[in-house]
Amino acid sequence: MRITFCHNLYQQRSGEDIAFDFAVQLLRDSGHHVSVFSADNSAIKDLSSADKVLFPIRTVYSRAARRQVRRFVVAEQSTLAIVQNVFPLLSPSVYHGLADARLPIIQFVFNYRLLCSNGLLFTQNEICERCVRGNHIHGILRRCYRNSYALSATYGAALSIHRWAGTWRKLVSIFVTPDEFLAGKLIEGGIDSHKIRVVSNPFDISGIKPSYEGGEYVLFVGRLIRAKGIFTLLEAFRSLNGPKLVIVGDGEEAGHIRSHPAVVDGNAEFVGPVYGAQFEELVRNSACVVVPSEWYDNLPMIVCQAFGAGKPVIASRINGIPEFVKHEKNGLLFTPGSAIELRESIERLHNDPILHRTLSHGARSTAETVLSPALWQQNMNSVLQQALERRGGASYL
């Protein structure tokens, strides 16, 4: 099958970008011809003054992007398209360009961007679902995207206009989510349940040797924002008797994390962004990985990476996470936002080597089965065939 895969890369490389790279590889390994139509958000800083003025309009709709993707798929002789992220440089116009070429479209969904201007359903330090059913004025008034009225209005307008026009409802043949919870939110937002397929993210463990022994530190990896629960985690380490915390990542709260008492007192170490072999070594030598998310986090990549290395995951009992982190099977779950429960979970795992070893083996087993690339390929090939049989509608704009 000849597939065009459309994705707007993020400025800071994210788990979603990693998932994109791996999906392209697995599709090619399955025998498909995959061509990539992409944009990179790092290009935003190089826009001319005139382009910056037009940027909000082009985020909502871009005739140039529509023409470019249509020419691309015609030249590639594509028979099907997969779309992941289109904001802000590709814009929803790509759906119309793909529809112009009469291609069935599969939408990969890894966050809540089709329902929420910031993609998180989290704002002002709390979960927020005000815009799920389509009234995006709330996102503008609450400055949900980067605390900016202008940027929030841009994304709110894009979502409102294309929701009203039926861009996703009419043009997308199948939506693919990594968990049932995210699928449920799409249904609440008006997506036809019959168009949704749940396919767990794959993770390649072929080159990863598991380490079932307990390490000397607890590892946090992720974007440094409040929604990730980083401050609840730091609070837990202010009075924890046990291992040290190592924090890997970057984000807008990095400065506050550096000055947090847990870091200043030496209970936690902030190492910043780490990649490649150094990152793999950090995971391998950790005692466990903590995912203290306070937003509706959808199978974070670090959960897959931890399971592959045979590391238990201590995670919030929130949204789709418990679909993968099973309490006392491959990890421990605690109430989101509870520093006390989180601290107790870390201390329990630290003080019980038998439990640690049991959960470590359970983690690796999950990676070998639920997150199997072969299983993803099997499921995705089925989705591709279904999409060919049930095309979205023709473009109308």
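All of the numbers you see were taken from the coordinates with simple rules; none came from a lab. Please read these numbers as outputs of a predicted model, since none were measured by experiment. So basically every Cβ, Gly included, is an ideal-geometry build from the backbone, and we count neighbours across all protein chains shown.
Before moving on, here are some points about what is shown:
- Counting 0.36 nm for each residue step from ASP40 to ALA150 and taking away their Cα separation leaves a gain of 37.5 nm.
- Per-residue [θ]222 nm for the chain (sum of -39500 (n - 2.57) over DSSP H runs n ≥ 4, rounded to 500): -12500 deg cm²/dmol
- Applying both filters, DSSP loop and at most 13 other Cβ atoms within 10 Å, to the chymotrypsin sites (Phe, Trp or Tyr not before Pro) of the stretch 227-321 gives TYR275.
- Sorting the segments 174-180, 133-139 by their residues' average number of neighbouring beta-carbon atoms within 10 angstrom, most packed first, yields 174-180, 133-139.
- Where a label projected 7 Å from the Cα of ILE127 along Cα→Cβ would reach, residues of the stretch 256-297 with amide N under 13 Å: 293-297
- Separation of the stretch 144-219 and the stretch 305-383, taken as the distance between their Cα centroids, equals 20 angstrom.
- Here the spin labels are modelled as points 7 Å beyond Cα on the Cα-Cβ line, and at GLN386 and GLU328 they lie 3.5 nm apart.
- Taking a span of 15 Å or more along the helix axis (Cα atoms) and a mean Kyte-Doolittle hydropathy of at least 0.0 as the rule, the DSSP H helices of the chain that qualify are 15-29, 49-60, 149-165.
- Gain upon complete extension [ASP192, HIS256; 0.36 nm per residue less C-alpha separation]: 18.8 nm
- Neighbour cut-off at most 15 other Cβ (10 Å), DSSP loop, GluC sites (Glu not before Pro), the stretch 305-378: GLU328
- As a proxy for reagent exposure, ranking GLU280, GLU269, GLU389, GLU16 by other Cβ atoms within 10 Å from fewest up yields GLU389, GLU269, GLU280, GLU16.
- Between VAL271 and ASP204, the FRET efficiency estimated from the beta carbon spacing at R0 = 25 angstrom works out to 0.50.
- Sorted on the mean count of surrounding Cβ atoms within 10 Å across their residues, most packed first, peptides 208-216, 7-15, 107-115 read 107-115, 7-15, 208-216.
- Label-to-label distance, nm, for residues given as ALA75 and ALA374 (7 Å Cα→Cβ offset): 3.9
- Taking a ≥ b ≥ c as the square roots of the eigenvalues of the Cα gyration tensor, the stretch 295-378 is oblate, since a/c reaches 1.5 or more and a/b is not larger than b/c.
- For MET301, MET380, order by how many other beta-carbon atoms lie within 10 Å, fewest first: MET301, MET380
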